[in-house]
Amino acid sequence: HPEISLVFTDMVMPGGMTGNELAHRVRRFRPEMKILVTSGYAAPSLAKERLPEGASWLLKPYTARKLSKRLRELLD
């Protein structure tokens, strides 16, 4: 859907696919898509994960204010 501007996902998801895998898959089809990945675990670089270039990271726990600020930064 072209009206979708941002994907927000957790690193750990049910069903076997990780948030990182989802982010890479989205980028193959929509290279311009803004991506925000969150997790309560270590940052991707510490977990030996490579987020797609330009993807943003938000460590849990976060406040609604922090989330809204990050989303606004990504969408502007």
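The values are calculated or read from the model by the stated rules, or taken from the named source; none is laboratory data. Given the structure is predicted, the values throughout are model-derived calculations rather than measurements. No Cβ is skipped: glycine too gets one built from the backbone with ideal geometry, and neighbour counts run over all protein chains shown. Remember, those area values only see protein heavy atoms, side chains included, never the ligands or the DNA or RNA. Shrake-Rupley method; radii C 1.70, N 1.55, O 1.52, S 1.80 Å.
The protection proxy used here, the mean number of other Cβ atoms lying within 10 Å of each residue, ranks peptides 54-61, 16-23, 1-8, 33-40 as follows, highest first: 33-40, 16-23, 54-61, 1-8. In this structure, the amide hydrogen of residue 35, modeled 1.01 Å from its nitrogen in the peptide plane, lies closer than 5 angstrom to those of 7, 56, counting only residues at least 5 positions away or on a different chain. Where the accessible area of the chain is counted over protein heavy atoms with a 1.4 Å probe, how much of it, in %, is carbon and sulfur? After summing per-atom areas, the C and S share lands at 58 percent. Structural size metrics of the chain, computed from C-alpha coordinates, are Rg and Dmax of 12.1, 34 Å. Taking all protein chains into account, the per residue accessible area for the chain stands at 71 Å² (1.4 Å probe). Under the simplified labelling scheme, the residue 5-residue 57 pair shows an inter-label distance of 2.6 nm, with each label point 7 Å from Cα along Cα→Cβ.
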